[in-house]
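Everything on this sheet refers to the single structure shown next.
The values are calculated or read from the model by the stated rules, or taken from the named source; none is laboratory data. On a predicted model such as this, the values are computed, not experimentally measured, just so you know. Neighbour counts are summed over all protein chains in view; Cβ atoms, including those assigned to glycine, are modelled from backbone coordinates with ideal geometry. Side chains included, ligands, DNA and RNA excluded: accessible areas come from the protein's heavy atoms. Shrake-Rupley method; radii C 1.70, N 1.55, O 1.52, S 1.80 Å.
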Amino acid sequence: IGVCPDCGYAGYIDRPKEEWIKEFYLSGTWDNGSSEKKSNKNIRRVAHIKSQQFAGNREIIAAVKKFGIDRSRPVCEIGCGYGETLGALKEMGFHKLFGVENAPHRAETTAKALGVEILCAPFEDKAVQATFTRQAPFGLIFSSHVLEHTYHPAEIIRCAASLQNEGDHLIISVPYFPGELSMMVIGFLPHLHSFMPSSLERLFNSQGYQVLDT
């Protein structure tokens, strides 16, 4: 593990190649759906989304309300999972909703439940970016506990910036480095990165974003 003494970022010095990480998610190694069917928690989540009763990520929903995001503008979630937050935004009146999700069965479930376009591929994938460029600019791009899984976080933020105009909003939720168990940082490979507020701000600033709230 390497740690930046200036901003507090931490990440793996030795790690698998980028293509291995992408295949880890897309092939079902990370989550092929079979375990969800046996898990009461995830069964409830699927039933929850099918019933159109959405709670979503409370912090993200609160930020959307606080900053008065235009509900007529396109919105994209990076790593939408089962779509709880997209569903909550749909209930709030947002109707141009898009998402990306690397787990095929999650992408399929969310697309069917919400009736929105969910692309099953990495956000930075060229085909995904081409599709989203046709919908841009996005008034809001957001993700919850996804950035720490990506191979090149700066590329994710760069791609997001390319799809937005000045004044548009990016909301990112990640684990707080000092609050993570040490074994989650050292031994849980899917979390390739750990962030401090200062490291996130430096990352956002490098792509033209100004931090409004933490």
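Find the residue count for region 105-121, including only residues that are part of a strand (DSSP E or B) and under 17 Å from residue 25 (Cα atoms). Outline the logic, then answer.
Of region 105-121, the ones part of a strand (DSSP E or B) are 117-119.
Next cut, under 17 Å from residue 25 (Cα atoms) only: 118-119.
Number satisfying all stated conditions: 2.
Exactly one of (1) open to solvent by 60 Å² or more (accessible area, probe 1.4 Å); (2) free of Cβ contacts under 8 Å to residues at least 60 places away in the same chain is unmet by residue 135. Its number?
(2)
Can you find a residue that is more than 14 Å from the chain's Cα centre (by Cα) and among the small types (Gly, Ala, Ser) anywhere in region 143-156? Steps first, please.
Going residue by residue through region 143-156, those that are more than 14 Å from the chain's Cα centre (by Cα) are none.
No, region 143-156 contains no residue that is more than 14 Å from the chain's Cα centre (by Cα) and among the small types (Gly, Ala, Ser).
Out of all the residues in region 162-182, which are within 30 Å of residue 74 (Cα to Cα) and of a type in the set (Phe, Trp, Tyr)? Don't jump to the end; show me each part of the working.
So the first thing to find is which residues in region 162-182 are within 30 Å of residue 74 (Cα to Cα), and the list is 162-176.
Scanning region 162-182 gives a single hit, 176.
So in region 94-104, with the set limited to residues that are surrounded by fewer than 20 Cβ atoms within 10 Å (Cβ to Cβ) and at pLDDT below 95, which one is farthest from residue 27 (Cα to Cα)?
Of the residues in region 94-104, the ones surrounded by fewer than 20 Cβ atoms within 10 Å (Cβ to Cβ) are 95-96, 104.
Right, trim to at pLDDT below 95 and you get 95, 104.
On the way: 95: 30, 104: 8 Å.
Looking at residues that are surrounded by fewer than 20 Cβ atoms within 10 Å (Cβ to Cβ) and at pLDDT below 95, I get 95.
Within region 66-93, which residues are of a type in the set (Ser, Thr, Tyr), within 22 Å of residue 30 (Cβ to Cβ) and assigned to a loop (DSSP other than H, G, I, E, B)? I'd like the intermediate steps shown before the answer.
We begin by selecting, within region 66-93, every residue of a type in the set (Ser, Thr, Tyr); these are 72, 82, 85.
Now narrow it down to the ones that are within 22 Å of residue 30 (Cβ to Cβ): 82, 85.
Once the filter is applied, which keeps residues that are of a type in the set (Ser, Thr, Tyr), within 22 Å of residue 30 (Cβ to Cβ) and assigned to a loop (DSSP other than H, G, I, E, B), region 66-93 yields only 82.
Conditions (1) in contact (Cβ under 8 Å) with a residue 12 or more places away in the chain; (2) closer than 12 Å to residue 78 by Cβ, marked per residue:
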| position | (1), (2) |
| --- | --- |
| 144 | yes, yes |
| 157 | yes, yes |
| 184 | no, no |
| 190 | yes, no |
| 197 | yes, no |
| 200 | yes, no |
| 206 | yes, no |
| 212 | yes, no |
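Can you name the condition, by its number, that residue 124 falls short on among (1) at pLDDT 95 or above; (2) more than 19 Å from residue 153 (Cα to Cα); (3) open to solvent by 10 Å² or more (accessible area, probe 1.4 Å); (4) assigned to a loop (DSSP other than H, G, I, E, B)?
It fails just one condition, (2).
If you scan region 72-93, which residues turn out to be within 18 Å of residue 137 (Cβ to Cβ), touching a Gly at 6+ places or on another chain (Cβ under 6 Å) and open to solvent by less than 40 Å² (accessible area, probe 1.4 Å)?
From region 72-93, those within 18 Å of residue 137 (Cβ to Cβ) are 72-78, 89; that's our starting set.
When the remaining residues are screened for being touching a Gly at 6+ places or on another chain (Cβ under 6 Å), the result is 73, 77.
If the condition is that a residue be within 18 Å of residue 137 (Cβ to Cβ), touching a Gly at 6+ places or on another chain (Cβ under 6 Å) and open to solvent by less than 40 Å² (accessible area, probe 1.4 Å), then 77 is the only one that fits.
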